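Report on the structure given below.
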Amino acid sequence: MKHLERLGSQFSISITPDEEGFIGRECPVAECESYFKLQPGTGLTGKDLQCHCPYCGHEDAPDKFFTQAQIEYAKSIVLSQVTGALIKDLKTLEFNHRPSGGFGIGISMKVTGQPTPVRHYREKQLETEVVCDTCTLRYMIYGVFGFCPDCGTHNSLQILGKNLELVDKMLAVAEAQESAVAQVLIENALEDCVSSFDGFGRETCRVFSSRAATPEKAAEIRFQNIASARQRVREQFGVDFADGLNDSEWALVIRCFQKRHLLAHKMGVVDEEYIQATSDHTAVLGRKSQVNSIEIRALVAALHTLGEHLSASLRCES
């Protein structure tokens, strides 16, 4: 059985990256088992590094994150090599004794068969590629938000920053257009500001909800009504994420979020609720609210401050 013995008792199986250089990983937690990909050679270097699930945050040794497809692939290679070696060894035992004499009986043994086939696989397509701002790991996930598989940093603040950068670019395009087109782009930029901060705020509160007074309520905080969100974050986390703004900057944020509400629900027409919420002396009841690029650029700056303060404050609560 020399061919079988040559295989030894251990096997080393290489997992090849996909055409984009990413290798699939899968969370070992039964309640999660979610799939993601990372690019070897990026991110942290060193020994005894841990891997983090981008979705549930579970931390474990990297060899715990092999996907089921990769495991089945490795098993099939081992089985193919073992059965192939076994067939070769059995072939050395083949014989063919021809019959002799008038009534002789011939005996022979011939081994046939092929090694067990290898079960190949392909890595899955994912939705969002992220380069971690903290450790530079390139990874891909379903959805948008997640923990970095290397350093464990949650990317919610990073995603907010990228979205606000796009708003700045949209405003630059708007400023080069005729007034009617420019106004539509500016209003769209305002919509994007609010939706981006709402998504960031929700995800940040969800991730840190275990530190809240009532985790279930903290995970349900919405940020489209920014004043209400400020109060609810205070109640749940004991944090005022608007501490970094002065009164006029906070008033700007309230005004812009209320204008976005008018655009979404009232075609931009000013109502009593808007006037009461903002004390905007330039607004005229029954007329359209005015939105300009200068105001939105100021909002972008304020949202950067709010986002950084909320993220840093909730992290410090740990």
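So is Glu216 in contact with a Cys (Cβ under 9 Å, 6 or more places away or on another chain), assigned by TED's automatic domain parsing to the domain that holds Glu295 and within 27 Å of His52 (Cβ to Cβ) or not? So Glu216 fails the test. Put simply, of Cys27, Cys32 the only residue that is in contact with a Ser or Thr (Cβ under 9 Å, 6 or more places away or on another chain) and under 20 Å from Ile141 (Cβ atoms) is Cys27. Among the residues of the range 248-264, is there at least one that is of a type outside the set (Gly, Ala, Ser), free of Cβ contacts under 8 Å to residues at least 12 places away in the same chain and either touching a Phe, Trp or Tyr at 6+ places or on another chain (Cβ under 9 Å) or exposed (fewer than 15 other Cβ atoms within 10 Å of the Cβ) (or both)? The answer is no, given that none of the residues of the range 248-264 is of a type outside the set (Gly, Ala, Ser), free of Cβ contacts under 8 Å to residues at least 12 places away in the same chain and either touching a Phe, Trp or Tyr at 6+ places or on another chain (Cβ under 9 Å) or exposed (fewer than 15 other Cβ atoms within 10 Å of the Cβ) (or both). If only residues of the range 174-194 that are free of Cβ contacts under 8 Å to residues at least 24 places away in the same chain and within 29 Å of the chain's Cα centre (by Cα) are counted, the one that is surrounded by the most Cβ atoms within 10 Å (Cβ to Cβ) is Leu185.
May I ask you to verify whether Val29 is surrounded by 14 or more Cβ atoms within 10 Å (Cβ to Cβ) and farther than 30 Å from Thr204 by Cα?
Values: surrounded by 14 or more Cβ atoms within 10 Å (Cβ to Cβ): yes; farther than 30 Å from Thr204 by Cα: no.
Considered against the rule, which asks whether it is surrounded by 14 or more Cβ atoms within 10 Å (Cβ to Cβ) and farther than 30 Å from Thr204 by Cα, Val29 comes out as no.
Picking from residues in the range 209-229 that are outside any loop (DSSP other than H, G, I, E, B) and more than 26 Å from the chain's Cα centre (by Cα), the one that is surrounded by the most Cβ atoms within 10 Å (Cβ to Cβ) is Ala227.
Quickly run through the range 219-237 and pick out the residues that are closer than 21 Å to Arg255 by Cα and among the hydrophobic types (A, V, I, L, M, F, W, C). The answer is Ile221, Phe223, Ile226, Ala227, Ala229, Val233. Among the residues making up the range 89-135, those that are touching a helix residue (DSSP H, G or I) at 6+ places or on another chain (Cβ under 8 Å) and outside any loop (DSSP other than H, G, I, E, B) are Asp89, Val130. Filter the range 230-247 down to residues that are touching a Phe, Trp or Tyr at 6+ places or on another chain (Cβ under 7 Å) and assigned to a helix (DSSP H, G or I) and give me whichever is nearest to Gln183 (Cα to Cα). Among those that are touching a Phe, Trp or Tyr at 6+ places or on another chain (Cβ under 7 Å) and assigned to a helix (DSSP H, G or I), it is Arg230. Ser156 meets all of the listed conditions (1) under 15 Å from the mean Cα position of the chain (by Cα); (2) more than 27 Å from Leu263 (Cβ to Cβ); (3) surrounded by 17 or more Cβ atoms within 10 Å (Cβ to Cβ) but one, namely (2). As an exercise: evaluate Asn188 against (1) in contact with a helix residue (DSSP H, G or I) (Cβ under 6 Å, 6 or more places away or on another chain); (2) in a helix (DSSP H, G or I); (3) of a type in the set (S, T, N, Q) and give the number of the one condition it does not meet. If we test Asn188 against (1) in contact with a helix residue (DSSP H, G or I) (Cβ under 6 Å, 6 or more places away or on another chain); (2) in a helix (DSSP H, G or I); (3) of a type in the set (S, T, N, Q), just (1) comes out false.
One residue stands out among those in the range 17-60 that are among the charged types (D, E, K, R) and assigned to a strand (DSSP E or B): the one that is farthest from the chain's Cα centre (by Cα), which is Asp60. Only one entry of Ala30, Ala74, Ala85 meets the criterion of being touching a helix residue (DSSP H, G or I) at 6+ places or on another chain (Cβ under 7 Å) and in the same structural domain as Pro149 (by TED's automatic domain parsing), and that entry is Ala85. The one condition from (1) among the aliphatic types (A, V, I, L, M); (2) touching a helix residue (DSSP H, G or I) at 6+ places or on another chain (Cβ under 7 Å); (3) closer than 25 Å to Thr42 by Cβ that Met140 does not meet is (2).
Taken as a whole, the structure leaves Tyr73 outside the set of residues that are aromatic (Phe, Trp, Tyr) and either on the phi > 0 side of the Ramachandran plot or assigned to a loop (DSSP other than H, G, I, E, B) (or both).
Looking at the range 17-40, is at least one residue polar (S, T, N, Q) and touching a residue at least 40 places away in the same chain (Cβ under 8 Å)? Yes, because at least one residue in the range 17-40 is polar (S, T, N, Q) and touching a residue at least 40 places away in the same chain (Cβ under 8 Å).
The values are calculated or read from the model by the stated rules, or taken from the named source; none is laboratory data. As the structure is a computational prediction, the values presented were derived from the model and not from experiment. Counting neighbours? That spans all protein chains shown, and the Cβs are built from the backbone with ideal geometry, glycine included.
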